[in-house]
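**Student:** Below is a structure I'd like to ask you about.
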Amino acid sequence: ASGSDDNDVVVLGGGPGGYVAAIKAAQFGLKTTCIEKRGALGGTCLNVGCIPSKALLHSSHMYHEAKHAFANHGVKFSSVEVDLAAMMAQKDKAVSNLTRGIEGLFKKNKVNYVKGYGKFVSPSEVSVDTNEGGNTVVKGKHIIIATGSDVKSLPGVTIDEKKIVSSTGALALTEIPKRLIVIGAGYIGLEMGSVWGRLGSEVTVVEFAPDIVPTMDGEIRKQFQRSLEKQGMKFKLKTKVVGVDTSGDGVKLSVESAAGGDQTTLEADVVLVSAGRTPFTAGLGLEKIGVETDRVGRILVNERFSTNVSGVYAIGDVIPGPMLAHKAEEDGVACVEYIAGKVGHVDYDKVPGVVYTNPEVAYVGKTEEQVKELGVDYRVGKFPFMANSRAKAIDNAEGLVKILAEKETDKILGVHIMASNAGELIHEAAIALQYDASSEDIARVCHAHPTMSEAVKEAAMATFDKPIHI
Ligand code: FAD
């Protein structure tokens, strides 16, 4: 691997940002090397993030449905049991198949893959401590930093990945905890809380802020929280964790109101710390080459993803913007397009966000609160899945579609969907937003019947005119 022969592009990190950038660069005919320390490609997302969490969300959903919903459809079992080891094995198989798939894509596209920890020795040279034990220097005209992010710890709460776990530990518990406390009501906490809640844990979510998932539209958020509460999830909002005691059998968590006041103690078998993620640049040698970072350690880049050091770029979770896999991928493609002398484009205002609970919540564009803040006159169109024939046919009618459009022009400003498959439904809204469509544009597109997508069309009709079915 590598050695003295120069690369056009070197990518540090093989997550969704890095591996996509590497493949794209190679597709442009650039000589490309990707350096990854993990021993597997796919980064946080594939190994300990998006993919294993979705595997467990699906498996736990199947169990929950078998227990609580199948009988309504006339499908009866004498008993339903969880085989946690088998559930974890299916998750692990999905992950290893996909990581090997990326290795295959590297071979197919002739991306050189170096397994090891890379650090800058100059703006065009990376010294790699290889996983096999040696050291090699990889040179490149353009070096892309795609080192991603890591779990953010809380002061005084030490993660041991047994009783106090990060999302990584929560994806690999060997027993179903009787009581699980989740610190942080972001999407990762709610997804992992859902997994274990469905499998039988009593789940309490502790959040410092007054609301769950701060990026969500307020009206949708309220309905979403109610739905999670109906499923048994408990919320302690505006609550601060002040101490943790793991000396006994379980964990004792001392909490108090965010505003201060009396302490109370919550008890759990496992505590999940999901209070955000932090850019990962440890040991990278950024200071050595003078790459600028901001207050929280994110690498600063311009619109071409170039850092202040010529020839050094950064993409994905390690730079500002939504910390999402698809955003990292878009960054990667656009960055390489610029390097190849073409034009790239990523609009962070149009990156969809999805919470993969049940129901899912998906959104793109502005929330109603943001639209109000902009001071634009706007209309709101809503359509509930209760009035959607497909949703009723399959007895899965929780949720709604909400569209916000500018009053004067009818241009769509934001779309918010709560539905079992919201993460799939959101993309026609993403396209509409990208093409500056009006709600009437969506309403005039023929949507197949009976589909849940018809609710998007009806919500669009409700925005500029009237819906038919409600
Ligand atoms: P990463 O995926 O973090 O990859 C960076 C890679 O760089 C790592 O593999 C690391 O080992 C490597 N690296 C770091 N430093 C070095 C070095 N010096 N030398 C060599 N290699 C190095 N996002 C979504 O969009 N959808 C989801 O459903 C979703 N679910 C998630 C669930 C969980 C539990 C978590 C934790 C995250 C989830 N995310 C999700 C977020 C998503 O994983 C990240 O946004 C995404 O992985 C960022 O990609 P990246 O390429 O920037 O960084």
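**Student:** Straight-line reach from K141: which lysines have Cα under 26 Å away, leaving out those fewer than 8 places along the same chain?
**Tutor:** Within reach: K24, K31, K37, K107, K108, K110, K115, K119, K288, K327, K342.
**Student:** Report the percentage of all Cα-Cα pairs in the stretch 271-384 whose separation exceeds 17 Å, rounded to a whole percent.
**Tutor:** That fraction is 66 percent.
**Student:** Counting pairs of alpha carbon atoms under 8 Å apart in space and at least six apart in sequence, what relative contact order in percent does the chain give?
**Tutor:** Details: 1036 pairs, mean separation 65.5, N = 470.
Relative CO of the chain lands at 14 percent.
**Student:** Tell me, what HN-Hα J-couplings in whole Hz come from the Karplus equation 6.51 cos²θ - 1.76 cosθ + 1.60 at θ = phi - 60° for each residue of the stretch 454-467, using x for Gly and Pro?
**Tutor:** Along the stretch 454-467, the couplings run 4, 5, 5, 4, 5, 5, 5, 4, 5, 6, 9, 8, 10, x Hz.
**Student:** Let me ask another. Using the alpha-carbon centroid of each, what span in Å lies between the stretch 272-290 and the stretch 158-210?
**Tutor:** 24
**Student:** As a test of the formula, what do you get for the chain when each DSSP H run with n ≥ 4 contributes -39,500 (n - 2.57) and the sum is divided by the residue count, at 222 nm and rounded to the nearest 500 deg cm²/dmol? Before the final figure, lay out the partial values.
**Tutor:** Details: 14 runs with 152 residues, N = 470.
Result for the chain: -10000 deg cm²/dmol, rounded to the nearest 500.
**Student:** Return, in residue-number order, each cysteine of the chain whose C-beta is not under 4.7 Å from any other cysteine's C-beta.
**Tutor:** C34, C335, C446
**Student:** Quick one: which of 375-387, 169-181, 93-105 comes out on top by average Cβ neighbours within 10 Å, and what's the full order, highest first?
**Tutor:** Details: 375-387: 17.4, 169-181: 19.2, 93-105: 15.5.
In descending order of packing, they fall as 169-181, 375-387, 93-105.
**Student:** Which translational diffusion coefficient, to the nearest whole µm²/s, is obtained for the stretch 362-470 from the Stokes-Einstein equation, given a Kirkwood hydrodynamic radius over C-alpha pairs, 4 °C and 1.567 mPa s? Mind showing how you got there, number by number?
**Tutor:** Working: Rh = 13.5 Å.
Calculated translational D: 96 µm²/s.
**Student:** Quick one: Karplus J couplings for the stretch 20-32, per residue in order, coefficients 6.51, -1.76, 1.60, θ = phi - 60°, nearest Hz, x for Gly and Pro?
**Tutor:** Once θ is set to phi - 60°, the couplings for the stretch 20-32 become 5, 4, 5, 5, 4, 4, 5, 5, 7, x, 8, 6, 10 Hz.
**Student:** If you don't mind, another one. Just going by the charge dipole of the stretch 69-214, with Lys and Arg at +1 and Asp and Glu at -1 on Cβ, which of Q90, H73, L154 is farthest out on the positive end?
**Tutor:** Q90
**Student:** Continuing with this model, one more query. Find, to one decimal place in angstroms, the Kirkwood hydrodynamic radius of the stretch 160-268, where the mean of 1/r is taken over every pair of different Cα atoms and then inverted. Don't jump to the answer; show the numbers that get you there.
**Tutor:** Details: mean 1/r = 0.0698 Å⁻¹.
Roughly 14.3 Å, rounded to one decimal.
**Student:** While we're looking at this one, here's another question. Looking at the chain, send over the antiparallel percent of its DSSP beta bridges, to the nearest 5. All intermediate terms of the calculation are to be shown ahead of the outcome.
**Tutor:** Working: 52 of 82 bridges.
Restricted to the chain, the bridges split so that about 65 percent are antiparallel.
**Student:** Report the semi-axes of the equivalent ellipsoid for the chain in whole Å, largest first, where each axis is √(5λ) for an eigenvalue λ of the Cα gyration tensor.
**Tutor:** Working: eigenvalues 276, 182, 99 Å².
Over the Cα atoms of the chain, the ellipsoid semi-axes are 37, 30, 22 Å.
**Student:** Tell me, how many Å apart are the Cα centres for the stretch 218-265 and for the stretch 326-349?
**Tutor:** Taking the Cα centre of each part, the stretch 218-265 and the stretch 326-349 sit 39 Å apart.
**Student:** Work out the P(r) tail for the stretch 232-305: percent of alpha carbon pairs separated by more than 22 Å, whole number.
**Tutor:** Values: 1372 of 2701 pairs.
That tail contains 51 percent of the Cα-Cα pairs.
Values in this text are rule-based calculations from the coordinates and carry no lab data. From a predicted model like this one, the values you see are computed outputs, not experimental measurements. A quick note on method: Cβ atoms are made from the backbone with ideal geometry, for glycine too, and the neighbour counts reach across all protein chains shown.
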